[in-house]
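Reading through the structure tokens given below for one structure.
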Amino acid sequence: MAEKRIYLSSPTMHGEEQEFIKEAFDTNWVAPLGPNVNAFEKELADYVGIAHASALSAGTAAIHLALKLLGVGEGDVVFVPSLTFSATCNPIIYEKAVPVFIDSEEDTWNMDPAALEAAFEKYPSPKAVMVVHLYGTPARLDEIMEICASHNVPLIEDAAESLGSTYKGKHTGTFGRIGIYSFNGNKIITTSGGGMLVANEEEFTKKATFLATQARDPARHYQHSQIGYNYRMSNIVAGVGRGQLLHLEEHKALKKAIYRKYEERFSDIPEITLNPLNKDGDANCWLTCMLIDPGCGVTPNQVMDALEADNIECRPIWKPMHLQPVFEQCDFITKDGSAENKPSMDSVSADIFEWGLCLPSDVKNTDEDMERIIGIVRRCFGR
Ligand SMILES: *Cc1c(COP(=O)(O)O)cnc(C)c1O
């Protein structure tokens, strides 16, 4: 086994982060408020091109507040893609609302507009639609936005994995009524943990910040007319974010180069295809994933075992939510309609899960690291 471990996507710090933290210490702003928090909100909003932002403790907290801001409550239906991380839909359950899972399409691996249409036939008035830009690839936003507009339903964008990705020249996270980002440890930039809620309507970010700081009414005494949360980002964490934001474009360029390298070095192996990048967008290539031609004799588990045996981190594709025991009772809609009467494995999202895997996409990967990974994958296919 090689001594040097290669990571899937680990934090990459540059130095400026510590300067912002030092400033926070020196001025004693060691609290869930302060100049770094305000500056990080402004800098991130400027970067993605949106009017307002609210810095929060996690992307999950941002999703939770987005749902609350749109009035999602008990019994309300929310459409979400099945192929995502559980953090996308857990907050729907926090609010006792009802997730309805939508299948993916092959062109982007994201929410299938045809399946979304089918979902509206069965559930004509969901309270919200949440789209995810999986692994950094923008969803088919034109179609999805048009469907949402025609049914007069607000769109939330879970852009946790796609910070820096654009669709037709505009940043993901800025298309919906509300967008959210995550700065968890393995995301394209990290603050160790954290999230951001963004919107063009200031009402939303103001209310998010209010709810995130225990919903304290403006009064001298502690007055509350709503239930609040402790979801605000700390001034230390925001300092890390300010430093990282300076390197987001650089991380994106490195992630894209990793994708291109895999693409080039696997181009002679027809059994391998990489995760799609939306042709109408510019993806941040957060993680490069590969799909194996079913029935070619090689399985994702074999490839993952071979990589792990050489001290290389990799992982499966997110397991679709409609296949999760915890969401067993929830409905799942494919482009052919409801999946009630057919096996749940018969779907695009289940196929991607069954035949895909995530390749190491760490921005610190050297050429040598890339060749080590590529060599092992090639050997799995007898090359
Ligand atoms: C990481 C992630 C989240 C959650 O963000 P946290 O900051 O970890 O709470 C939500 N959705 C998706 C798709 C993610 O990948």
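Summary table below
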quantity: Check on residue 171, without any contact (Cβ under 8 Å) to a residue 40 or more places away in the chain and either surrounded by 15 or more Cβ atoms within 10 Å (Cβ to Cβ) or farther than 24 Å from residue 68 by Cα (or both); calculated: no
quantity: Residues of segment 309-329 that turn out to be under 29 Å from residue 382 (Cβ atoms) and exposed (fewer than 14 other Cβ atoms within 10 Å of the Cβ), as a count; calculated: 2
quantity: Complete set of residues in segment 351-369 that are within 18 Å of the chain's Cα centre (by Cα) and of a type in the set (Asp, Glu); calculated: 362
quantity: Residue that is nearest to residue 182 (Cα to Cα) [pool: residues in segment 249-274 that are surrounded by 17 or more Cβ atoms within 10 Å (Cβ to Cβ) and among the aliphatic types (A, V, I, L, M)]; calculated: 254
quantity: Members of segment 100-115 found to be touching a strand residue (DSSP E or B) at 6+ places or on another chain (Cβ under 7 Å) and away from the ligand (no atom under 16 Å from the Cβ), listed by number; calculated: 100, 103, 112, 115
quantity: Boolean, residue 42 is out of contact with any helix residue (DSSP H, G or I) (no Cβ under 6 Å at 6 or more places or on another chain), surrounded by 15 or more Cβ atoms within 10 Å (Cβ to Cβ), at pLDDT 95 or above and of a type in the set (Lys, Arg); calculated: no
quantity: Count of segment 154-166 residues which are assigned to a strand (DSSP E or B) and not β-branched (Val, Ile, Thr); calculated: 3
quantity: Residue ID - farthest from residue 363 (Cα to Cα), chosen from residues in segment 288-310 that are in a loop (DSSP other than H, G, I, E, B) and under 27 Å from the mean Cα position of the chain (by Cα); calculated: 294
quantity: Enumeration of residues in segment 21-58 that are over 26 Å from the mean Cα position of the chain (by Cα) and of a type outside the set (Val, Ile, Thr); calculated: 22, 23, 24, 25, 26, 28, 29, 31, 34, 35
quantity: Given (1) within 16 Å of the ligand (Cβ to nearest atom); (2) in contact (Cβ under 8 Å) with a residue 24 or more places away in the chain; (3) surrounded by fewer than 16 Cβ atoms within 10 Å (Cβ to Cβ), index of the condition residue 14 fails; calculated: (1)
quantity: Residue that is surrounded by the most Cβ atoms within 10 Å (Cβ to Cβ), among those in segment 45-65 that are within 11 Å of the ligand (Cβ to nearest atom) and aliphatic (A, V, I, L, M); calculated: 62
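For (1) of a type in the set (D, E, K, R); (2) assigned to a loop (DSSP other than H, G, I, E, B), each residue gets a yes or a no:
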residue	(1), (2)
44	no, no
55	no, no
64	no, no
72	no, yes
75	no, yes
78	no, no
101	no, no
106	yes, yes
124	no, yes
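Condition check ((1) more than 16 Å from the ligand (Cβ to nearest atom); (2) of a type in the set (D, E, K, R); (3) within 24 Å of residue 283 (Cα to Cα)) across all residues:
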| position | (1), (2), (3) |
| --- | --- |
| 117 | yes, yes, no |
| 125 | yes, no, no |
| 160 | no, no, yes |
| 193 | no, no, yes |
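Per-residue answers, yes or no, for (1) within 11 Å of the ligand (Cβ to nearest atom); (2) surrounded by 13 or more Cβ atoms within 10 Å (Cβ to Cβ):
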| position | (1), (2) |
| --- | --- |
| 183 | yes, yes |
| 196 | yes, yes |
| 212 | no, yes |
| 227 | no, no |
| 230 | no, no |
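The values are calculated or read from the model by the stated rules, or taken from the named source; none is laboratory data. Remember, predicted model here, so these are calculated numbers, not experimental data. Here the Cβ is made from the backbone with ideal geometry for all residues, glycine too, and neighbour counts use every protein chain on show.
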